[in-house]
1. Based on what the data block shows, is V256 modelled with pLDDT of 95 or more, among the aliphatic types (A, V, I, L, M) and either in a strand (DSSP E or B) or within 21 Å of the chain's Cα centre (by Cα) (or both)?
2. All but one of (1) over 25 Å from the mean Cα position of the chain (by Cα); (2) assigned to a helix (DSSP H, G or I); (3) not polar (S, T, N, Q) hold for G242; which doesn't?
3. Is at least one residue of region 211-234 in a helix (DSSP H, G or I) and surrounded by fewer than 21 Cβ atoms within 10 Å (Cβ to Cβ)?
4. Any residue in region 90-112 that is over 13 Å from A123 (Cβ atoms) sitting within a Cβ distance under 7 Å of a residue that is assigned to a helix (DSSP H, G or I) and of a type in the set (V, I, T)? List the pairs, counting only those 6 or more apart or interchain.
5. What helices (runs of 4 or more DSSP H) lie completely within region 1-109 and have 3 or more residues being modelled with pLDDT under 95?
6. Could you say whether any residue in region 173-185 is free of Cβ contacts under 8 Å to residues at least 12 places away in the same chain and assigned by TED's automatic domain parsing to the domain that holds L78?
7. Within the set of pairs 6 or more residues apart or between chains, which connect a residue that is not assigned by TED's automatic domain parsing to the domain that holds L107 inside region 15-32 to a residue that is surrounded by fewer than 19 Cβ atoms within 10 Å (Cβ to Cβ) and assigned to a helix (DSSP H, G or I) with Cβ atoms less than 7 Å apart?
8. Return a yes/no flag: does region 248-263 have any residue that is over 28 Å from K215 (Cβ atoms), among the hydrophobic types (A, V, I, L, M, F, W, C) and in the same structural domain as L218 (by TED's automatic domain parsing).
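The values are calculated or read from the model by the stated rules, or taken from the named source; none is laboratory data. Quick caveat, the model's predicted, so the values are computed rather than measured. Because the Cβ atoms are built from the backbone with ideal geometry, glycine has one as well, and the counts that use them run over all protein chains shown.
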Amino acid sequence: MGAPRNQVFFPTTFQTLFSHWFRTPDAVPFAGGTDIIRYQGSRIPKLPQNILSLDKLEELHRITRTERYLEIGAMVKLSEIIALGKIVPEALTWCLEGIGGPQVRNLATIGGNICRKSHYSDASVPMIALDAQYELRTATATRWISASRFSSCAPVSGSPARPVDVPFSTLGSQELLTRIRIPLEQWDYGVYTKFTSREPDEPTGGIVFIIRNQKNVLTDIRIIYGRDIILRDKNTEALLIGKPLPLNRKDAFNCVDHWKTYLAALPPMEDLLQARIINFIESSLLGLTD
C-alpha cells in the first residue's frame, strides 16, 4: 500500500472550517506557508498530512479602519500592510519591512507571523509596544487578548523581582487567530532595530523604542525587546515619564544603568545580546538629549 495522500481543505466559512477541524483534529491551519517551508532544502517541501487552508475565508483578508483603530485580518499579507502607508504606525512598518525580501512579504501573512511557534515573531514586538489586541476564535466562542499577554511559544518574561502582571495565554486546542486590532495613537518619535546574525549562534531579535510627548514633556515611553523572551522594564520607563525634552543626559544614562540592573536580574543570557540591547537603548535615549 502506498503512503496516505495529503489532504487540503479549503473552507469558505468558519462553520465549515471548524467542522473539518473537528473531523480531522490533526489538520494544520495554513496561511502563507513561509514558516512551514522555511528550513526545508528539498525542491518538494514536506507538508502536514492534513491542511486547513485559510485562503478562502474572506473575513481574514479584510482591512478596516475606524477613528480609533486599524483592524487587520490574519490572512493579510505583510506587503499589503506596508502598502497602506501612513495609516500604519511607523514602528510596525519598520518591523515588517525588515522581514525577508519582497517575495517573502508577498506570501507571509500577519497572522502566520504572530503565531510562529519557534520564538516570538518579529511583529510581536511592535504589536506589544502599540497595545494591539488579537481576536482568537473557536467553533463556539470568540475572545480578545492583548498582544502583551499572547505567546505562541513558551514565554519567559520579567524576573523573580519583577514578575509579569498577568499570565500569558497561548492558542487553545482548535483555536485560530482571526483579527488584529491596532490603536491609531500618535507616537512622536521611534526607533526599531532587528538584530541580525552572521554566525549561527549569534543572538537575534527585534527591539523597539517609541515615545509620546506633549508640550515638550515626555508623557509615554515603550522599550521592548523580543525573540525567545519578551523584555520590558516598566519601572525604568516610569522614571522618564514627566521629564522635559530635550532629555537631560544624566537622566538618559541613569535609565541605561537601570536597564543593566534589570538584565542582570534575569536568567543568564549571551553577553553579545545584552550589549546589543544596552547599546540600542543608550543611543535611542541620547537621541532625545541636546
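1. Taking the combined requirement at face value, the residue does not satisfy it.
2. (2)
3. Yes: region 211-234 contains one or more residues that are in a helix (DSSP H, G or I) and surrounded by fewer than 21 Cβ atoms within 10 Å (Cβ to Cβ).
4. From region 90-112, the pairs are V104/T34; L107/T34.
5. Values: elements: 14-23, 34-37, 78-83, 90-97, 102-107.
Once the helices (runs of 4 or more DSSP H) in region 1-109 are filtered for at least 3 residues that are modelled with pLDDT under 95, what remains is 34-37, 102-107.
6. At the first step, the residues of region 173-185 found to be free of Cβ contacts under 8 Å to residues at least 12 places away in the same chain are 173.
Those left that are additionally assigned by TED's automatic domain parsing to the domain that holds L78: 173.
Yes - at least one qualifying residue is present in region 173-185.
7. A27/H20; G32/L107
8. yes
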